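Notes for the one structure printed next.
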Amino acid sequence: METTLYIPPLGLAGQFAAPADFAAAVIFAHGTSSGRMSPRNVRVAARLREAGFATLLMDLLTAGERADPANQFDVHRQSERLLLAVRHLRATTAVERKPIGFFGAGSGAASALIAAGRAAEHDGVGAVVCRGGRPDLAEEWLNAVAAPTLLVVGGKDAPALDLNNDAFNRLHCTKALEVVPGAGRLFEETGKLDQVADSARSWFATHLLKAANG
């Protein structure tokens, strides 16, 4: 069942969907020039729900903010909205005290990492997956991330490989870097996005469901 949520105080729209008896939830952070209906994130979210995770696909900027291109890379502002979404899910849905993870794509990877680094204990952010991301934009917040973090990069995306390798070396949490052979920046090649979804599902199952089961 899918529900449209409006996350206060700005009323940012989000699509929340939860399978029966789900044990953990994943919030998606999209990259620049995208939104909650990003087809790639929608596809990954569907695969995660098949594996028993609730998902939230949300807008990180208001319509007025999206009109200014400079706001697209304001990853600090967007990280604040991710934490607002965490608290809203806990207060108003069946997520309550269940583990929550972040899935960040593009610049949304930095937003997810900053939010994970800023998360207080009661926010319960338990894992992060970044797809083709810009973790470098998280800057000093990489040092503060405690949640287990998986970085997934396309083997044909040389600039992102460099950025993710550098970020990986700066992370002090449980971590992994996965290079998907033959994949470009957007993982548009046949089967490559499904590989990302499978890796994300495995990572969240290991680090979120284990926490949910005590």
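The values are calculated or read from the model by the stated rules, or taken from the named source; none is laboratory data. A quick note: this is a predicted structure, and the numbers were derived from the prediction, not measured. A quick note on method: Cβ atoms are made from the backbone with ideal geometry, for glycine too, and the neighbour counts reach across all protein chains shown. Just the protein is used for accessible areas: all its heavy atoms, side chains included, with ligands, DNA and RNA removed. Shrake-Rupley method; radii C 1.70, N 1.55, O 1.52, S 1.80 Å.
Annotation: extensible slack from Val42 through His172 equals 43.8 nm (criterion: 0.36 nm per residue apart, minus Cα-Cα distance).
If a/c stays under 1.5 just call it rounded; otherwise compare a/b with b/c (prolate if a/b is bigger, oblate if not). Do that for the stretch 76-214, with a ≥ b ≥ c from the square roots of the Cα gyration tensor eigenvalues.
Working: a/c = 1.86, a/b = 1.46, b/c = 1.27.
Because a/c hits 1.5 or more and a/b exceeds b/c, the stretch 76-214 counts as prolate.
Near Lys156, which lysines are there with a Cα under 23 Å away, not counting those fewer than 8 places off in the same chain? By straight Cα distance, Lys156 reaches Lys175, Lys192.
In the chain, the DSSP-assigned H stretches of four residues or longer account for a calculated mean residue ellipticity at 222 nm of -10500 deg cm²/dmol, using -39500 (n - 2.57) per stretch and the full residue count as denominator.
When DSSP beta bridges are limited to those with both residues in the chain, what percentage is antiparallel, rounded to the nearest 5?
Values: 10 of 36 bridges.
Percentage antiparallel, nearest 5: 30.
Only protein atoms count toward the accessible area here, which uses a 1.4 Å probe; on the stretch 175-214, the carbon and sulfur part of that area reaches 48 percent.
Assign unit charges at the C-beta atoms only (+1 for Lys and Arg, -1 for Asp and Glu), then state the dipole size of the stretch 1-132 relative to its Cα centre in Debye, rounded to the nearest 20.
On the way: 14 positive and 11 negative charges, 45 e Å.
Using only the charged Cβ atoms, the result is roughly 220 debye.
How many Å² of accessible area per residue for the chain, probe 1.4 Å?
Working: 8970 Å² over 214 residues.
Here the residues of the chain average 42 Å² of exposed surface.
Quick one: grab the alpha carbon gyration tensor of the stretch 132-214, order the square roots of its eigenvalues as a ≥ b ≥ c, and give me rounded if a/c is under 1.5, else prolate or oblate depending on whether a/b is larger than b/c. Here the stretch 132-214 falls in the oblate category. Along Cα→Cβ, 7 Å out, is where each label goes; now give me the distance between the ones at Ala158 and Glu188 in nm to one decimal. Label at Ala158, label at Glu188, 2.0 nm between them.
For His76 and Thr4 in the same chain, what is the full-extension length gain: residue separation times 0.36 nm, less their Cα-Cα distance, in nm?
Working: separation 72, 0.36 × 72 = 25.92 nm, distance 2.45 nm.
Extra length from His76 to Thr4 when fully extended: 23.5 nm.
Within the same chain, lysines fewer than 8 places from Lys98 are excluded, and of the rest, those with a Cα less than 17 Å from its Cα are Lys210.
Given a cut-off of under 8 Å on Cα pairs at least six residues apart, what relative contact order in percent is computed for the chain?
Numbers: 457 pairs, mean separation 39.0, N = 214.
This gives 18 percent for the chain.
A cut-off of 5 Å between modelled amide H atoms, ignoring neighbours fewer than 5 places along the same chain, links Gly132 with Val152, Val153, Gly154.
Between Asp68 and Glu139, what FRET efficiency follows from the Cβ-Cβ distance if R0 is 25 Å, with the result rounded to 0.05? The formula returns an efficiency of 0.70 here.
Charge tally around Arg185: other residues with Cβ under 9 Å, Lys/Arg +1 each, Asp/Glu -1 each, net -1. By accessible area, using a 1.4 Å probe on protein heavy atoms only, the stretch 1-124 has 53% of its surface on carbon and sulfur. The calculated FRET efficiency for the pair Ala146 and Thr92, based on their C-beta separation and a Förster distance of 25 Å, comes to about 0.45.
Ordered by packing density, taken as the mean number of other Cβ atoms within 10 Å over each peptide's residues, highest first, how do 6-12, 63-69 rank?
Details: 6-12: 13.7, 63-69: 10.9.
Peptide ranking by packing, descending: 6-12, 63-69.
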